[in-house]
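**Q** The structure follows.
The values are calculated or read from the model by the stated rules, or taken from the named source; none is laboratory data. The structure presented is a predicted model; accordingly, all values stated were derived computationally and were not measured. For neighbour counting, all protein chains shown are included, and Cβ atoms are generated from backbone atoms with ideal geometry for every residue, glycine included.
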């Protein structure tokens with residue numbers, strides 16, 4: 001019963017099935033370790049609770065016509081963010097963290113490690129992305145600031161009634177982009193936000209066939225072992241990004 005209650009609490013605490021299953025795996029691993037190392041003589045029947053089934057749903061991506069609508073209606077800052085999302089697979093945090101020193105306009109590249117994984121990324125920039133970035137006003141180290149002069153993604157710290165600190169993320173990229181979707185009349189799935197641009201970039205890049213280049217584009221740690229046997233995928237990464245541009249600009253399907 002304790003284990004079942006534990007699972008019920010996890011289900012209430014996490015909206016993500018992946019995070020719930022991770023916690024269950026950690027719990028089971030802890031008990032197995034304790035038993036193997038004689039910390040516990042007996043352990044609970046941990047198999048009494050199982051992981052939740054993951055139902056894979058098709059995630060939303062934008063087509064070429066929708067991308068054109070978004071770009072035509074976006075302001076200068078959001079337009080540059082959209083290009084970064086499609087060109088370089090940047091999410092909200094990537095755009096919010098981008099500094100001018102990360103951009104090399106002369107060679108047409110951006111160099112920024114993914115915040116979540118720390119995986120370095122050195123990617124080519126499309127001419128349209130460079131142009132959109134050059135049109136941004138410069139008012140500090142960051143490429144993007146709100147009208148109030150704040151970063152677009154911030155963490156707010158508050159103290160609750162028990163005196164404990166609570167951390168809340170304020171993401172203005174998501175809220176602004178969601179309003180843009182409604183403005184241009186795109187009827188996307190519920191919950192579709194700025195991250196769908198990153199998903200679109202990944203989908204287009206995957207059509208070019210090289211999973212290692214896609215992994216580098218997204219800054220994922222997946223395929224890490226496999227990439228040790230691939231000495232240099234920078235050319236492949238450049239090619240898949242340039243192929244994605246053909247779809248965005250001309251609506252061409254990339255084989």
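**Q** Would you check if there is a residue in the range 50-59 being out of contact with any strand residue (DSSP E or B) (no Cβ under 9 Å at 6 or more places or on another chain), surrounded by 10 or more Cβ atoms within 10 Å (Cβ to Cβ) and closer than 30 Å to residue 129 by Cα?
**A** yes
**Q** Additional query: Here is a list: 7, 69. Which entry is over 23 Å from the mean Cα position of the chain (by Cα) and part of a helix (DSSP H, G or I)?
**A** 7
**Q** Taking the condition surrounded by fewer than 16 Cβ atoms within 10 Å (Cβ to Cβ), out of contact with any helix residue (DSSP H, G or I) (no Cβ under 7 Å at 6 or more places or on another chain), touching a residue at least 24 places away in the same chain (Cβ under 8 Å) and more than 22 Å from residue 244 (Cβ to Cβ), does residue 116 pass?
**A** Details: surrounded by fewer than 16 Cβ atoms within 10 Å (Cβ to Cβ): yes; out of contact with any helix residue (DSSP H, G or I) (no Cβ under 7 Å at 6 or more places or on another chain): yes; touching a residue at least 24 places away in the same chain (Cβ under 8 Å): yes; more than 22 Å from residue 244 (Cβ to Cβ): no.
For residue 116, the condition - surrounded by fewer than 16 Cβ atoms within 10 Å (Cβ to Cβ), out of contact with any helix residue (DSSP H, G or I) (no Cβ under 7 Å at 6 or more places or on another chain), touching a residue at least 24 places away in the same chain (Cβ under 8 Å) and more than 22 Å from residue 244 (Cβ to Cβ) - is not met.
**Q** For the structure I just gave you, tell me whether residue 113 is under 27 Å from residue 239 (Cα atoms) and at pLDDT below 90. It would help to see each step written out before you state the result.
**A** On the way: under 27 Å from residue 239 (Cα atoms): yes; at pLDDT below 90: yes.
Against the criterion (under 27 Å from residue 239 (Cα atoms) and at pLDDT below 90), residue 113 qualifies.
**Q** Also, quick follow-up: Does residue 28 meet the test of being in the same structural domain as residue 191 (by TED's automatic domain parsing) and at pLDDT 85 or above?
**A** no
**Q** Only one of (1) in contact (Cβ under 8 Å) with a residue 12 or more places away in the chain; (2) surrounded by fewer than 18 Cβ atoms within 10 Å (Cβ to Cβ) is not met by residue 198, so which one is it?
**A** Of the numbered conditions (1) in contact (Cβ under 8 Å) with a residue 12 or more places away in the chain; (2) surrounded by fewer than 18 Cβ atoms within 10 Å (Cβ to Cβ), the odd one out for residue 198 is (2).
**Q** Among the numbered conditions (1) part of a loop (DSSP other than H, G, I, E, B); (2) in contact with a helix residue (DSSP H, G or I) (Cβ under 9 Å, 6 or more places away or on another chain), tell me where residue 38 comes up short.
**A** Tallying (1) part of a loop (DSSP other than H, G, I, E, B); (2) in contact with a helix residue (DSSP H, G or I) (Cβ under 9 Å, 6 or more places away or on another chain), residue 38 fails exactly one: (2).
**Q** A further question follows. Does residue 176 qualify as being under 21 Å from the mean Cα position of the chain (by Cα) and modelled with pLDDT of 95 or more? Don't jump to the end; show me each part of the working.
**A** Details: under 21 Å from the mean Cα position of the chain (by Cα): yes; modelled with pLDDT of 95 or more: yes.
When the stated conditions are applied, residue 176 passes them.
**Q** How about the range 147-169: which of its residues are closer than 25 Å to residue 81 by Cα and modelled with pLDDT under 90?
**A** 155, 156, 168, 169
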